[in-house]
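The values are calculated or read from the model by the stated rules, or taken from the named source; none is laboratory data. All figures in this text were calculated on a predicted structure; none of them were measured in a lab. Quick reminder, even Gly has a Cβ in these numbers, built from the backbone with ideal geometry, and neighbours come from all protein chains shown. Ligands, DNA and RNA are stripped out before the accessible areas are found, and what is left, the full protein with its side chains, is counted by its heavy atoms. Shrake-Rupley method; radii C 1.70, N 1.55, O 1.52, S 1.80 Å.
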Amino acid sequence: MKRALVILLVLAIPAIAAAQAKKIVIDPGHGGSDPGGVGTGMQEKLVVLDVSKRFRALLDADTADAGGGGTWTTFLTRSDDTFVSLAGRAAYANNRDADRFLSIHANAFGNTTANGTETFSLTATGTGADLRNLVQAEMIRAWGLTNRGNKTENFAVLRDTAAPAVLHELAFITNPGDAAKLKSDPERQKAAIAHLRALQRHYGLDPYVPGDPPIDAGELAGRVFDDLGPIEGATISVGEDEVITGADGTFAFTGIAVGSITVTALAPGHTERSLDQGIAAGERTELEIELLRDDAQPPEDGDGGCSTQRSSALWLGLVALVLTLRRRRG
């Protein structure tokens, strides 16, 4: 009887593993006759196809790697330079009973100063919004571009896909600074890893890159603010590495050596501040840094900017009052 039970359990293991695998549909935007955004010598359809293939390869490697991560069954709405309609993309995901749908794009705009990263979901709350927030956070951490935020939009692929869905805009293909990321193979790989990490975190898994060596570094993330709120454009330094805070005042570093570090924050119109912080292997440390505005600083004597003048005026007023009273009595 025990032997029969063992045999049944062994036979059931593959079925259990298959049932736990999440079906992930990755949607490279545009394709074929639709190039998407065009600028800086690139076409959006080709950039996002490359990033999407890298993302899928990471998910497949994660499934095969027993060291960590998750188990995934992956699909691409297109695997080459062909056109797929918006309705066809949603139908593809629905026909495969997808658990999650991630559409990858690159922005474009006539004004080449437009820049940054943004991510969309259909609604502001719920499962899709949770995945959206994580994709945005991981991409800001990976590329450090302007944080254009988490947004909602009634895009067809978000509306018509049954699974929780997100649409991510990597960067602006028309902006020279953003384009440097889009053109770079190492940066495209970082974008793929950011999507992998976001999906892992979304499912409650520890972020894990398949094939990585043993962890000997940590991460640092945080927010810079003053008495008026988040500070955009602050420079955060850790050793020789620097990042610039986005509109929400956030920053992030990865691959920081384990041990004690000094974090320095500097922003125009504020007093520079340095903090000592410990970094643990494989862990993410959160840090909030409050900066003091230059015009909010008390004077060096600590009595208030005009306290001496106010005291003198009060004393002269009392003397005048006494003299007036004496004249009336006389």
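Of all residue pairs spaced 6 or more apart or on separate chains, those with beta-carbon atoms under 9 Å, a first member in region 263-279 that is at negative phi and open to solvent by 70 Å² or more (accessible area, probe 1.4 Å) and a second member that is part of a strand (DSSP E or B) and among the small types (Gly, Ala, Ser) are LEU266/SER237; GLU272/ALA265; ARG273/ALA265; ASP276/SER260.
Looking across region 47-80, the residues that are outside any loop (DSSP other than H, G, I, E, B), open to solvent by 50 Å² or more (accessible area, probe 1.4 Å) and more than 19 Å from VAL157 (Cβ to Cβ) come down to ARG54, ALA57, ASP60, THR63, ALA64, THR73.
Listed here are the residues, each with its yes/no results for (1) within 30 Å of GLN20 (Cα to Cα); (2) open to solvent by 20 Å² or more (accessible area, probe 1.4 Å); (3) out of contact with any Cys (no Cβ under 8 Å at 6 or more places or on another chain).
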| site | (1), (2), (3) |
| --- | --- |
| ASN115 | no, yes, yes |
| ASN133 | yes, yes, yes |
| GLN136 | yes, no, yes |
| THR146 | no, yes, yes |
| ALA163 | yes, no, yes |
| HIS168 | yes, no, yes |
| LYS181 | no, yes, yes |
| PRO186 | no, yes, yes |
| GLN189 | yes, yes, yes |
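Are any of the residues in region 302-322 of a type in the set (Gly, Ala, Ser), modelled with pLDDT under 85 and under 30 Å from ASN115 (Cα atoms)? Checked against the condition, which is being of a type in the set (Gly, Ala, Ser), modelled with pLDDT under 85 and under 30 Å from ASN115 (Cα atoms), region 302-322 yields no hits at all. Of the residues making up region 81-111, those that are without any contact (Cβ under 8 Å) to a residue 40 or more places away in the chain, under 22 Å from LEU46 (Cβ atoms) and open to solvent by 70 Å² or more (accessible area, probe 1.4 Å) number 0. Can THR245 be described as among the polar types (S, T, N, Q), within 30 Å of VAL38 (Cα to Cα) and open to solvent by less than 10 Å² (accessible area, probe 1.4 Å)? So THR245 fits the description; yes. Condition test on ALA165, is it in contact with a Phe, Trp or Tyr (Cβ under 6 Å, 6 or more places away or on another chain) and under 17 Å from GLN200 (Cα atoms)? Yes: the conditions hold for ALA165. Contact annotation: residue pairs with Cβ atoms under 9 Å, 6 or more positions apart or on different chains, pairing a residue in region 118-145 that is at positive phi with a partner that is part of a loop (DSSP other than H, G, I, E, B), are GLY126/PRO164; GLY144/GLY246.
Within region 226-242, the set of residues being open to solvent by less than 80 Å² (accessible area, probe 1.4 Å) and at negative phi comprises ASP226, PRO230, ILE231, ALA234, THR235, ILE236, SER237, VAL238.
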